[in-house]
1. Looking at residue 103, is it at positive phi and surrounded by fewer than 21 Cβ atoms within 10 Å (Cβ to Cβ)?
2. Is at least one residue of the stretch 139-155 in contact with a helix residue (DSSP H, G or I) (Cβ under 9 Å, 6 or more places away or on another chain), closer than 14 Å to residue 35 by Cα, modelled with pLDDT under 95 and surrounded by fewer than 21 Cβ atoms within 10 Å (Cβ to Cβ)?
3. Of the residues in the stretch 133-158, how many are more than 16 Å from the chain's Cα centre (by Cα), free of Cβ contacts under 8 Å to residues at least 40 places away in the same chain and within 19 Å of residue 64 (Cβ to Cβ)?
4. Residues 58, 74, 25, 17: which one is buried (at least 24 other Cβ atoms within 10 Å of the Cβ) and modelled with pLDDT under 95?
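The values are calculated or read from the model by the stated rules, or taken from the named source; none is laboratory data. Treat the numbers as computed from the prediction; the structure is a model and nothing was measured. FYI the Cβ positions are ideal-geometry reconstructions off the backbone, even for glycines, and counts take in every protein chain you see.
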């Protein structure tokens, strides 16, 4: 897979509880929103011809469809890894930590499940303060924006 394609996929991370950007996807669920992501670093390593492992770091802001939701306008960082194999399939996963205005942190894990790195599942795995018992989960889909920007539309079941 070409580096430019991997770079675009790298912006997908941070899916967890957030993704969209002009996407028309619709998920059934009790919560939804968009993560706006900015690529900070992308470090690919060609392991062998056709096999690349890339490490990504992004900054991310979550915009909930419900502006009164506790996760609306939380921001932080995500890291992830993308392994692309000679058959063109990409396996990707990562973690995010985002903080709200009160200083409470929401932790998230995500996994791309479609073989391209563009769609997958996310789950919250606790945090601090009001997010300490967060166990939400759902689906996401990535959309490329301009330059180093990407958006992830997400939806799921939030308590």
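1. Spelling it out, residue 103 is indeed at positive phi and surrounded by fewer than 21 Cβ atoms within 10 Å (Cβ to Cβ).
2. The answer is yes, given that some residue of the stretch 139-155 is in contact with a helix residue (DSSP H, G or I) (Cβ under 9 Å, 6 or more places away or on another chain), closer than 14 Å to residue 35 by Cα, modelled with pLDDT under 95 and surrounded by fewer than 21 Cβ atoms within 10 Å (Cβ to Cβ).
3. Number satisfying all stated conditions: 3.
4. Testing whether each residue is buried (at least 24 other Cβ atoms within 10 Å of the Cβ) and modelled with pLDDT under 95 leaves just 17.
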